[in-house]
Amino acid sequence: MDQHTQQALLQFQQTELTESLIYDRLAALEKNPDNAAVLRRIAREEARHHDIIGRVTGRCALPDKSKIWRYTLLARLLGLTFAVKLMEGGESHASAAYRAFGDYPAVQQLAEEEDKHENELIALINEERLNYIGSVVLGLSDALVEFTGALAGFTFALQNPRLVALTGAITGIAAALSMASSEYLSSKTEKAEGKHPFKAAVYTGGAYILTVTLLVAPYAVLNNVFAALGLMLCFALCVIAAFTYYYSVAKGESFKKRFLEMAGLSFGVAAVSFLIGYLLQAWTGIQA
């Protein structure tokens, strides 16, 4: 075995051991016994993969403690599904890499088992918070599309950052309460399995309020209303990017397609609203 091959196999060996410990740690955190059982079974298989590669390399591996800490923290903050799916992306690359070791059938066989892990995770992990991701999408998308447009319109019509902040905050809170009420009634009527109407309303209203707070903040701290508008649009883009990344990882969808769609809608509405504010001010002659 040449040095390059041995280094590559040692890296895989460390990855398998590290991921085995991560799955064990996540299983310990998981309250759903079915999810925990799946995670423990996969942890045992990852440990077995480490042993198989170890018999080829004749070496022992040490776990990557920073990776274990990182994925455990991600699971605590953003949920089990997000952390596992993010790590699962790495397993897809490992599966392709294992197939390159044709001279080592035992290693090459691991590719099929890595694919099996991916399918099991997709099929069996069921996290409560993902039942409400539709409610979060509703709150975020409505706030981003509607509120960026409203603030852009207020910016030119009022041309006073504090007045825009006050008007925007009042409008945003009222809209958040309205959205939460609508989601509550909608969820109660549809009676979606595993989805509690009150929780759905909290997720929708909470996502809306959080987005409104971030978008209004520039007007509360900056004295130049157009600088505040620019910063508000930057915050909107950041919110879109962050949530789209989370959603694309957790749901396995295309980041680029969803990001461009949400950004296009939000900024398109903002541009139209800004123009409407300009035209109304010109037509009425009202100055703030």
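The values are calculated or read from the model by the stated rules, or taken from the named source; none is laboratory data. The structure presented is a predicted model; accordingly, all values stated were derived computationally and were not measured. In this analysis, Cβ positions are derived from the backbone assuming ideal geometry, glycine residues included, and neighbour counts consider all displayed protein chains. Note: accessible area is taken over every heavy atom of the protein model, side chains too, but ligands, DNA and RNA are not part of it. Shrake-Rupley method; radii C 1.70, N 1.55, O 1.52, S 1.80 Å.
Okay, here's what the table says:
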| read-out | value |
| --- | --- |
| Gain in span if fully extended, Lys65 to Ala217, counting 0.36 nm per residue against the direct Cα distance | 50.9 nm |
| FRET efficiency for Ile276 and Ser181, using Cβ-Cβ distance with R0 set to 30 Å, rounded to 0.05 | 0.65 |
| Per-pair calculated FRET efficiency, R0 = 45 Å: Cys238 and Lys31 via Cβ, rounded to 0.05 | 0.90 |
| Of Lys199/Lys257; Lys65/Lys85; Lys31/Lys251; Lys31/Lys256; Lys85/Lys256; Lys199/Lys251, pairs whose Cα-Cα distance is over 23 Å | Lys199/Lys257; Lys31/Lys256 |
| For Lys65, net neighbour charge (Lys/Arg +1, Asp/Glu -1) across residues whose Cβ lies under 14 Å away | 0 |
| Under 12 Å, Cβ to Cβ, from Gly205 - net charge with Lys/Arg +1 and Asp/Glu -1 | -1 |
| Candidate residues Arg55, Arg41: accessible-area rank, largest first, probe 1.4 Å | Arg55, Arg41 |
| Segments 157-165, 234-242 sorted - mean Cβ within 10 Å per residue, highest first | 157-165, 234-242 |
